[in-house]
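The values are calculated or read from the model by the stated rules, or taken from the named source; none is laboratory data. Note that the structure is a prediction, hence the values are computed from the model and not measured. Cβ sites come from the backbone with ideal geometry, for glycine too, and all protein chains shown count toward neighbours. Accessible surface areas use protein heavy atoms only, side chains included; no ligands, DNA or RNA. Shrake-Rupley method; radii C 1.70, N 1.55, O 1.52, S 1.80 Å.
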Amino acid sequence: MENRNLSKALEIVSKLIVGEEISRDSKETASLYDEYMDNSEVYDITNTICKNMNLSLYEYENSIFAAAGENNRIFGYSNDELKKEIGVKLNRELFLCYFIIYNVITWFYNDTRNVTFNEYVKVDDIINSVDSSLSGVINNLSVLSLNEVEENSFKTIALVWEDLPIVANEETNARAARGSKVGFVKMTLNFLLKQELLIENNERYYPKKRFRALVSNYFEEYKGRLYEIMK
C-alpha cells in the first residue's frame, strides 16, 4: 500500500463523513473523484474504511456520497436524537414523520426503475399523499398480512394524523409546529432540508442529487417491510 494512496483515501473519507459530495463536476473535489474511480487501491481503501465505519457509499451521476449504515450510533441518529432534531416528543409522532418521509420518497420514485417524473413536491401534495396511503392501508387491514405490532403501528399513525387539523390557528407559513398536518409535514421537510436532501424555492421542494442517490440505492438495497406493505 502506498502512503499516497492511503492519504488520498483518507482525504475522500474525511469529506464524505461530514456530508460533502465528491463530484467530477466540482473544481474542489474533481481530482478526488478521479482518484476514487481510476485508482483501484484508493477505491479499495476508501470502501474498506467506510465499511468498517458502517458507512454506505453511493455512486450517482458522477458523484459519490456517504450515508450512515443501519444502527450507526456515531454518524446516524438514535430515536431520541432524531425526535429532538425534527422537533417531536413522542415515538408515535416520530413514526408519523417516518411515514411522511416515505411519502416524499414515493412522490419522486416508485422504485429504482420507475421514476415518477415529478419535478418538485408541495406541502399540499404530501398531505394528500399521506391521506391516501394511510387510508389505503387502514381500509385493507383485513387482507394485508400484518403482524400485531405492524397493525397497531399503522392504527396509531392514522389516529395521530386524523386527529390533526389541516392548519392550527397559531401557525404561520414561516413556522412549523406539531399542532397540524401542515406543521408535521413542514417539520419533516425542514429536517430533509437540513440533511441537504431537498432544496426549497417558493414553497416548492426539489430533490437534490444526494436525495436521488440515496433513494435509488434504498430501493435496491433495503426496500423494507414498509415498502412491501405499501406496494
S31 and L82 label points (each 7 Å along its Cα→Cβ direction) are spaced in nm at 3.9 nm
Sorting R210, R24, R178 on solvent-accessible surface, 1.4 Å probe, most exposed first, gives R24, R178, R210
Region 58-74 scanned against label point 7 Å out from E196 along Cα→C-beta; backbone N under 15 Å for 58-60, 63-68
Checking rank on 118-124, 211-217, with mean other Cβ inside 10 Å and highest first, the result is 211-217, 118-124
From most to least accessible, 1.4 Å probe, no ligand or DNA/RNA atoms counted, R204, R4 line up as R4, R204
Counting only protein heavy atoms and rolling a 1.4 Å probe, one gets per residue an accessible area for region 37-91 in Å² of 61 Å²
Violations at 21 Å Cα threshold for listed pairs K83/K181; K84/K208; K51/K84 -> K84/K208; K51/K84
With a Förster distance of 41 angstrom and the Cβ-Cβ distance between Y98 and T48, calculated FRET efficiency to the nearest 0.05 equals 0.85
Quick calc, N3 & I166: beta-carbon distance into FRET formula, R0 45 Å, rounding 0.05, result 0.15
With R₀ set to 41 angstrom, the calculated FRET efficiency between the beta-carbons of K89 and F117, to the nearest 0.05, is 0.65
For region 22-108, listing GluC sites (Glu not before Pro) in a DSSP loop whose Cβ sees at most 12 other Cβ atoms within 10 Å gives E28, E61, E70
